[in-house]
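Everything on this sheet refers to the single structure shown next.
Nothing in this text is a laboratory measurement; each read-out follows from the coordinates by a stated rule. Predicted model only: the values in this text are computed from it and were never measured. Because the Cβ atoms are built from the backbone with ideal geometry, glycine has one as well, and the counts that use them run over all protein chains shown.
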Amino acid sequence: MNTTETLYEGHYLRLKKRDNWEYAERTNAGSAVIIIAVTPEEKLLFVEQFRIPMNANTIEMPAGLVGDLDANDTIEIAAKRELLEETGWQADEVKVLMIGPSSAGMSNEVIAFARASKLTRIHAGGGDESENITVHEIPVKDAPRWLTQKIAEGYSMDPKLWAGLWLLDKNPDGSPA
């Protein structure tokens, strides 16, 4: 019998239990998008910020929630909005590459990878009033080495960054982008 109970409901998260399995749901959005973006100068965009759950600074690709501000939000609209807000770069084109679970054993949240292109610098970035984001523009060829150096310096690193590096110039099936 598949019975589901709500163990806790907060402003942004809900903790549920189905049979013997506990998991989290977002209450304000069902998905998120990670944006793979390269500037006209062939620099890959990363953002740095302190993440409370990790109690550490993290390096991430620009990302954000889909549908948290507007029920009619799409992955493409959210990707453009978050890229501009976090990095100051505006994308004329966004292509959704793949969608899948962020942590299938812990949450029902899904994450999309999207490739942003035809970028134009609009402002310095840094996030909204609730964020303190540092933007890093790293030459594409140096990105894996730079990320590895940041790990050695103690930054928390999401393994999805390496999936983003794969998708930089390839489609999910391995064909050229």
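Assuming a ≥ b ≥ c are the square roots of the Cα gyration tensor eigenvalues, decide whether the range 21-177 counts as rounded (a/c under 1.5), prolate (otherwise, with a/b larger than b/c) or oblate.
Rounded.
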**OP:** Compute the long axis of helix 143-152 from its Cα atoms, compare it with the longest principal axis of the Cα atoms of the chain, and write down the angle in degrees, 0 to 90, nearest 10.
**Re:** 60
Subject >> aspartates and glutamates with Cα under 19 Å of K141, excluding same-chain neighbours fewer than 8 positions away >> reply: E41, E42, E60, D169
**OP:** Be a star and scan the range 1-15 for residues whose amide nitrogen sits under 19 Å from the point 7 Å along the Cα-to-Cβ vector of T27.
**Re:** 4-15
Original post:
Summing +1 for each Lys or Arg and -1 for each Asp or Glu, what net charge is found among the other residues whose Cβ lies under 12 Å from the Cβ of Y155?
Top reply: -2
**OP:** Could you line up S107, S130, S31 from fewest to most neighbouring Cβ atoms inside 10 Å?
**Re:** S130, S107, S31
**OP:** Compute the relative contact order of the chain as a whole-number percentage, counting only Cα pairs closer than 8 Å that sit 6 or more residues apart in sequence.
**Re:** 23
Original post:
For labels at H123 and N20 in the simple 7 Å Cα→Cβ model, what's the distance in nm?
Top reply: 5.2
Original post:
For the range 123-170, what does the alpha-carbon gyration tensor say about shape, rounded, prolate or oblate, given a ≥ b ≥ c as the root eigenvalues, a/c under 1.5 as rounded, and a/b over b/c as prolate?
Top reply: prolate
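Fewest first, what order do D70, D158, D173 take by the number of other Cβ atoms within 10 Å? Let's see the in-between values first.
Values: D70 11, D158 17, D173 6.
If I rank by nearby Cβ atoms, fewest first, I get D173, D70, D158.
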Subject >> Computed [θ] at 222 nm, helices only, for the chain once each DSSP H run of length n ≥ 4 contributes -39500 (n - 2.57) >> reply: -5000 deg cm²/dmol
**OP:** Just subtract the alpha-carbon distance of T134 and E42 from 0.36 nm times their residue separation and send over the number in nm, one decimal.
**Re:** 31.2 nm
